[in-house]
1. Given the conditions (1) surrounded by fewer than 19 Cβ atoms within 10 Å (Cβ to Cβ); (2) more than 10 Å from chain A (Cβ to nearest Cβ); (3) farther than 25 Å from B:Gly136 by Cα, report the number of the one that B:Lys110 does not fulfil.
2. Is one or more of the residues making up the stretch A:106-113 in contact with a Lys or Arg (Cβ under 8 Å, 6 or more places away or on another chain) and either in a helix (DSSP H, G or I) or not charged (D, E, K, R) (or both)?
3. Could you please find all residues in the stretch A:105-149 being surrounded by fewer than 16 Cβ atoms within 10 Å (Cβ to Cβ), free of Cβ contacts under 8 Å to residues at least 12 places away in the same chain and under 17 Å from A:Met1 (Cα atoms)?
4. Before we move on, is B:Leu163 part of a loop (DSSP other than H, G, I, E, B) and either surrounded by fewer than 22 Cβ atoms within 10 Å (Cβ to Cβ) or among the charged types (D, E, K, R) (or both)?
5. Which of the following residues is in a helix (DSSP H, G or I), at pLDDT 90 or above, away from chain B (no Cβ under 14 Å) and farther than 28 Å from A:Ala147 by Cβ: A:Leu102, A:Leu84?
6. Would you point out which residue out of B:Gln103, B:Gln145 is surrounded by fewer than 17 Cβ atoms within 10 Å (Cβ to Cβ), touching a Lys or Arg at 6+ places or on another chain (Cβ under 9 Å) and either hydrophobic (A, V, I, L, M, F, W, C) or within 13 Å of chain A (Cβ to nearest Cβ) (or both)?
7. Can you pull out the residues in the stretch A:126-139 that are assigned to a helix (DSSP H, G or I) and touching a Gly at 6+ places or on another chain (Cβ under 9 Å)?
8. Taking the stretch B:25-66 as the search range and keeping residues that are more than 24 Å from A:Ile249 (Cβ to Cβ) and surrounded by 24 or more Cβ atoms within 10 Å (Cβ to Cβ), which one is farthest from the chain's Cα centre (by Cα)?
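The values are calculated or read from the model by the stated rules, or taken from the named source; none is laboratory data. Remember, it's a predicted structure, so these values are computed and weren't measured experimentally. FYI the Cβ positions are ideal-geometry reconstructions off the backbone, even for glycines, and counts take in every protein chain you see.
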Amino acid sequence: MSNIWAICKKEVKTYFTSPIAYVAITVFLVLSGFFFQSLMWWFNTQSMQMARNPQYYQQLNINQMVYSPLFHNISIVLLLMIPLITMRLFADEKRIKTDELLYTSPISINQIILGKYFASLFVLLVMLGLNGLLSLFTFAYGNPELAPILNGYLGLFLMGAAFMGIGIFFSSLTENQIVAAVLTFGALLLFWILNWASYSASGMWRDVLNYLSFFQHFDDMTRGILDTTDLVYYLSMVIFGLFLTHSVIQSRRWR
Amino acid sequence: MIEVEHLNKKYGDLEAVRNLNFKVDEGKIWGLLGPNAAGKTTTMRILTGYLPATDGKASVAGFDVFEQPNEVKKIMGYLPEVVPLYPDMTVDEYLAFVAEIKQIPSAKRKDALEKAIETAGLEVVRKRLIKNISRGFKQRVGIAQALIHDPRVLILDEPTIGLDPAQIIEIRQLIRSLKGERTIMLSTHILAEVTQTCDGVVIIRDGRLMASGSLVELTASVKDKERMTVKLKSGGEELIPHFMNIPGTEKVLWENDEFVFEWSADKDIRENVARYCVEKELGLIEMKPHMMSIEDLYLKIVSGDVAQ
């Protein structure tokens, strides 16, 4: 455990001594803040108009009209940002040959992988946490429901965690960070839109493709539904990504 | 302390190490010598557990490198060919990180760090970022990270490569000062490194063992001819036939205004040569024996003149 902590600490420190984390977090906050602001503005104008008609007014729902689309927008930003956060994890160690230090130290490969993975999760938490602060405004001036919002952020975190599992795997494949980022982005986007293929598929394939798609699982969560299938899906994506990473590192050494 | 038996390593079709056997005794500095691409780095990577071997056995301090890698890693310090440094860390931060992953108990980490900084002579740069310090200091940081957990065995891959002559001397002194309680193995393709720092040597070529043993043993085994240089006030090449008549003399050469005598190691002709020169009044001003150097040995071995 202390070994995982040692690696994690070092990775977090590296994130915040290089510009990567700052740039990724800032861009993420600017974009997500912009989405939040414009959705709120739209919601405001809608409420003004509907204030004249009490019947419609009752149907206004900030959770559905602001938060649900906001989470969808943020998820796209995460799709773009996460490859940039995970790309250096293993690729850079290989490039500057520090992997030789790690693999000749009395720590296991699993501990190295987990340490690095937790460090990237920390960056994700910072991103989502800072973005979540914006909700203070909605709570100050309106009365949204808390549970669906938390559920949406949980969904974003789980999806980001699954993205990072895939990102760390691609980082272990190459010593070029750009290659790692591009591969990760491609894979994530493919998984995102996998459900498109399900329209033309039939029978079991349709279910399989739908199940594998990121989008399908995330949609529920933005609407405040917490389903164990989705939890299991995200966790198995994470475990799958980390397992592949482990296999890549092992096989590199045995080749 | 370090034992290697029938070690083989293949990278695809390339055989980097073939049937390697050697042994390093405790408390000694041993050199792993060979031309470039001889398999030195591969051998060291196998010993440190970075790479698995295709076949064979290796053990360090009684622990099998393949069966008990963690035990080996705990007692081994390793300086790879490319020093594994994080450029954005300060020297202190870096060594603190290494201390953690080398499993030094947290209570002892601070002392270990101070000791490593002192031994490697890093006081002046300890607060600086690694990317901003000189090559020589980077190499010292590399040695400090190898030493920080007080390992019984040190493996140093080309520790002086890329340094200027003054730095090379410093690093060699540092390595020699570490001898004693530690067993050290260093690889190099520079011969002087071996004669100046090592007690013994393993010479490999194309992944094969060419020779191994202490320097004294090895020098004795290849030394079958003795040589000396003789300088005279007068006389040149025309004297060679006369010298050849001196009993025991096998070869006389005229090089750089000096004579080079060669004879077999079992008899000594020096007295006869001296007497002859004095009798003929040739003006003998210098007689200098040639030591068989490790360089001759190395060249002989590498060019394939000497089998195991």
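1. (3)
2. yes
3. Correct list: empty.
4. So B:Leu163 fits the description; yes.
5. Just one listed residue meets the conditions, A:Leu84.
6. Result: B:Gln103 is the single residue among B:Gln103, B:Gln145 that is surrounded by fewer than 17 Cβ atoms within 10 Å (Cβ to Cβ), touching a Lys or Arg at 6+ places or on another chain (Cβ under 9 Å) and either hydrophobic (A, V, I, L, M, F, W, C) or within 13 Å of chain A (Cβ to nearest Cβ) (or both).
7. A:Met127, A:Leu128, A:Asn131
8. B:Lys40
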